[in-house]
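First up is the structure itself, then whatever we jot down about it.
The values are calculated or read from the model by the stated rules, or taken from the named source; none is laboratory data. Just so we're clear, the structure is a prediction, and the values are computed from it rather than from any experiment. Note that each Cβ is placed from the backbone with ideal geometry, even for glycine, and that neighbours are counted across all protein chains shown. Remember, those area values only see protein heavy atoms, side chains included, never the ligands or the DNA or RNA. Shrake-Rupley method; radii C 1.70, N 1.55, O 1.52, S 1.80 Å.
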Amino acid sequence: MYPHSANRSPSSYVLEKNQNNLEQWDWSLEVSSHPENLLFLAQILQENLRAEVPSGEFLQVKCAINNNRLMVLTQHPKGVQPDAEKIFVVLEEILQLLPVHQDKEVELFLRVSGHKLPYAKYSLTLKKRGDGVDGGDGGDGGDGEEGGAILLLTSATSATSVEPVHQVKPLRMGVALVLMTMLGCAGYFLTRPCVMLACQEIQMAKQLQRSFGQMTNSPRSEQELVKWQQQFNAVSASLTKIPHWSLSYQETEQLSASLFAESEKMNQVVKAFERGSLAAQQGQTAALNLEELQDRQQLWQQVIAPLEAISFNSPLYGLVQQKLWLYRTNLRIVTQQLFIEEKWLKKLEAAKAVAQAALARETSAKSLQDWQKVESNWLLAVNVLSAIPQNSLGYQEAQKLLAEYKPLLAATSDRTTQELLATKIYNQAINAANLATRDEQQNQWQAAVAHRSFALNAAQQVSNNTLYYSQAQSLIQPYSTALKQAKEKLQATNSFQQTRADLDKTCSGEVRVCNFAVDNQGIAVWITPEYEQILSSNLMNNNDPNTVASVTNHLQTLKQAVEAISENSSIYVVLYDTQGKLIYSHIPGR
């Protein structure tokens, strides 16, 4: 999309460097007779670019008048690549909204900061707005020329005007006073204005009113308005010389009141414009606090209020409306800035309140949940303060508070982590102890010892600066005793198992030698009938002394084996024959 000037084609949008006509223009930007007007215009254009163009915050706008043409230069840093078409579109739309009364040539340029020449240019003509206002006839003594074109550029400052070709002719003031020289007091009274002669002061006042009322869109600038005000004051002063005994005195009173009313309106407008210039100058620097922003808002309101009182049929209406458009724009900018700053300052105060709540909750924290809430409060305060932008009035205070709050957040986070870990370890100790109890009830002593060991170790690991420390300490003694008992049970169980294994190995063979039973009371071993029968058969069928010795050795070996098992297990052992007759017994340690 290209800028849409009514009398330009898209081809007039050119992007080229080192153009001859650009080299002839001094980009130091000479100013007009009203530099504050161009400053305000540049401010308005710059604010709209920042609001509507990507990377607009990097753009800077300057304005100047050269050969009766408005020159608008937009520049940006080297690393920024703005959308030139979008920039020209926005600039043209804003310029077309400004109140103008005849075609005005405008040239728009785009360049990189620090470069002498622009790299893009766009020319356009501001078209006359359809407001039905034409040039006047120049008043009394006019020369018949039509009024020239007027371009009024009012931004959040005052107006720049291009003087018209046709000017209002000054009033013909041919004053011919005939001094009446008479003797005595009568002579003095007769020489007073409007007593004997034609009342030229009244004629001048009427002519001034008529000229001011008939001029289209007069005055055209602040300077011209001041000149009109001076004329009104001068004529009003001349009317005060007319004595009350003059036949024209009553008419003089009416004219004086009318001139005074018009002069007062001019005075209100002039003062409003002066305040507007002051407000615009203040807007060039960043506000230091909220009160300063509020003062700027109030100042713009004071500037606008008397101007809004100027009626439509007043000769001041045209000039006032041109100013009002930009003054209201600046008021909206300040009001929006004030709204944003108030929002951030409210967040700043909210962050302070949350921080105070965190401090109060921290002193009374009695559970993990309490510490988690404290941490949450500090985190909320830090996040809110971190979000306050650098260009905000509250940024410096926010940074100061962040330097204070962040260490507190870190300390609280560490404490919360410790409490969370302590809670987890404490609960693990409790759960392990419960599992050990279950294992013990099921005679699962190895598992019971493992769970008891874990429970005791966990209770000992609870940090001493946590809420669960004292409770964990109360578990250590009973958990140690329970672990000791479980280990003893496990050792006894393991001993029984080894004893049974040794007995089973001793009693096994091609023919089972014996059977056994083991409990806490002792070990009972019985020779099996099969083995006893083999021994008896050997003795009955063979009287060989060697065979008898062999049988005797078998029994002796069995006795030695059960004796060794008794010693290893520290359990009393007895050996019986198949008839239940005691063959051998052994008490360990003897």
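Quick notes on this structure:
- In a fully extended conformation the segment linking LYS581 and SER453 would gain 41.4 nm over its present Cα-Cα distance, using 0.36 nm per residue.
- Compared with the alpha-carbon gap, the fully stretched path from LYS352 to GLN560 is longer by 66.1 nm at 0.36 nm per residue.
- Where labels lie 7 Å past Cα in the beta-carbon direction, separation of ILE340 and ARG590 in nm: 10.3
- Per atom type, the stretch 384-533 shows carbon and sulfur on 49% of its accessible surface, probed at 1.4 Å.
- Residues whose amide H lies under 5 Å from that of SER585, counting only those 5 or more places away or on a different chain, are LEU575; hydrogens are built 1.01 Å from N in the peptide plane.
- Take every pair of alpha-carbon atoms less than 8 Å apart whose residues are at least six positions apart; their mean separation over the length of the stretch 349-462 yields a relative contact order of 21 percent.
- Annotation: amide H-H contacts under 5 Å for ASN66 (H modelled 1.01 Å from N, sequence separation of 5 or more, or interchain): MET71.
- Cα Rg, Dmax (largest Cα-Cα span) when computed across the stretch 279-331, Å: 12.9, 42
- Across the stretch 395-409, coupling constants 3J(HN,Hα) worked out from phi with the 6.51/-1.76/1.60 Karplus curve, θ = phi - 60°, read 5, 4, 5, 4, 5, 5, 5, 4, 5, 8, 7, 4, x, 5, 5 Hz, and Gly and Pro carry x.
- In this structure, GLN390 and LEU97 have a Cβ-Cβ separation that, at R0 = 51 Å, corresponds to a calculated FRET efficiency of about 0.95.
- Taking amide H as placed 1.01 Å from N in the peptide plane, THR578 has its amide H under 5 Å from the amide H of ILE527, each at least 5 places away in sequence or on another chain.
- For the stretch 281-383, a simple Cβ point-charge model (Lys and Arg +1, Asp and Glu -1, everything else neutral) yields a dipole of about 220 debye relative to the Cα centre.
- Over 24 Å between alpha carbons, listed pairs LYS62/LYS127; LYS78/LYS116; LYS62/LYS323; LYS62/LYS116; LYS559/LYS581; LYS271/LYS343: LYS271/LYS343
- Look at where the Cα atoms of the stretch 432-446 and of the stretch 386-431 average out, and the two centres are 42 Å apart.
- Here the Karplus relation 6.51 cos²θ - 1.76 cosθ + 1.60, evaluated at θ = phi - 60°, turns the backbone of the stretch 567-580 into coupling constants of 5, 5, 9, 6, 10, 4, 10, 10, 10, 10, 8, 5, 8, x Hz, with x for every Gly and Pro.
- Positive-end residue, the stretch 368-492 charge dipole about Cα centroid, Cβ charges, pick of TYR405, ALA472, GLN372: ALA472
- Length released on extending from ASP370 to ARG69, taking residue separation times 0.36 nm less the Cα-Cα span: 101.3 nm
- Rolling a 1.4 Å probe over the heavy atoms of the protein chains gives the stretch 361-479 an accessible area of 56 Å² per residue.
- Residue-by-residue Karplus 3J(HN,Hα) for the stretch 523-536, coefficients 6.51, -1.76, 1.60, Hz, glycine and proline x: 10, 10, 10, 10, 6, 6, x, 4, 5, 5, 5, 4, 5, 5
- Where labels lie 7 Å past Cα in the beta-carbon direction, separation of LEU359 and GLU85 in nm: 5.8
- In nm, spacing of pseudo-spin labels at GLU264 and SER311 (7 Å Cα→C-beta vector): 1.4
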